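Here's the structure we're looking at; comments come further down.
Read-outs throughout are calculated quantities, based only on the coordinates presented, and are distinct from any laboratory measurement. Keep in mind that what you see is a predicted model, and the values were worked out from it rather than measured. Cβ sites come from the backbone with ideal geometry, for glycine too, and all protein chains shown count toward neighbours.
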Amino acid sequence: MIEFSPLSITLVVAAMASGPFYLFANYHYAGVSLRQTLTMTAGLLIFASAIVWFVFVGQFMFANPYVMPAVMLTSLAIPPLLVLAFPNYFVPPGIGLGWLMGVQAFRLIGGLYLFEHFRGNVGTAFGYWAGIGDVLTGILASVLVLQYLITGSMSQRVAFWTIIFGLADFAWAYAIGVLSFETPLQVFAFGEVHATNLFPLAMIPFLLAPIAMAYMVMTLIKLKRS
């Protein structure tokens, strides 16, 4: 039986619980109407509910080994595609870089991949790549947010390259993640436990990473306008 650390469960649940409140505050302080803010918050809650159902119930209803990685990649694509389809709706003029970059600081939670790898619950290749990449992105974003809080401004060039690094890390980490699952495509994690499809770790690639992905696209749109 796979046993995750109480620390991992606590941090993931805390991140999930804070997500809707962070989004609400983000748009509220951007001067967005209450109706639009509540609509976005409700949309996030519906999306999160669907992901929670799939992680706990849905993925075990299918014998096809490709269903789980396909849903994971689909969940990653939906939020950023919505932002690209409706940029003026999701990136209003009043939205601040501090709020947008703050989400990337939350990627420090990816360090749980390393933590759980050493506990025997995550494959080596994915644990190191995803864990280190997320932590580095989180550190860079945290420095930028701290700069913004102290000076009221942020280095847009550093912010741009932080987002590019974060996108590249996501691309490589998801590729390794998909190739670590027990499917005919498996390349990594042979002979290892790779339980990133189980709660609590599953909530990172299935829910928290898609939210971070949407905010990365929003940040690039904001930087382009600036």
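What number, in percent, do you get for the relative contact order of the chain if the mean sequence gap of Cα pairs under 8 Å and at least 6 apart is divided by its residue count?
In percent, rounded to a whole number, it is 31.
As a check on your grasp of the helix formula, calculate [θ] at 222 nm for the chain: sum -39500 (n - 2.57) over DSSP H runs of n ≥ 4, divide by the residue count, round to the nearest 500.
My calculation for the chain gives -23000 deg cm²/dmol from helical runs alone.
What's the local net charge at I109, with K and R +1, D and E -1, over the other residues with C-beta under 13 Å away?
-1
Restricting attention to the stretch 1-70, which chymotrypsin sites (Phe, Trp or Tyr not before Pro) occupy a DSSP loop and are surrounded by at most 15 other Cβ atoms within 10 Å?
Y29, F62, Y66
How much net charge surrounds I211 when only other residues with a Cβ under 14 Å from its Cβ are counted (Lys, Arg +1; Asp, Glu -1)?
Cβ neighbours under 14 Å give a net charge of 0.
Filter the DSSP H helices in the chain by two things, a Kyte-Doolittle mean of at least 0.5 and an axial alpha-carbon span of 18 angstrom or more, and list the hits by number.
6-28, 34-56, 67-85, 124-151, 156-178, 209-225
Alpha carbon centre of the stretch 54-120 versus the stretch 124-168: separation in Å?
16
Projected area of the stretch 6-225, taken from the Cα convex hull and averaged over every viewing direction, in nm²?
11.8
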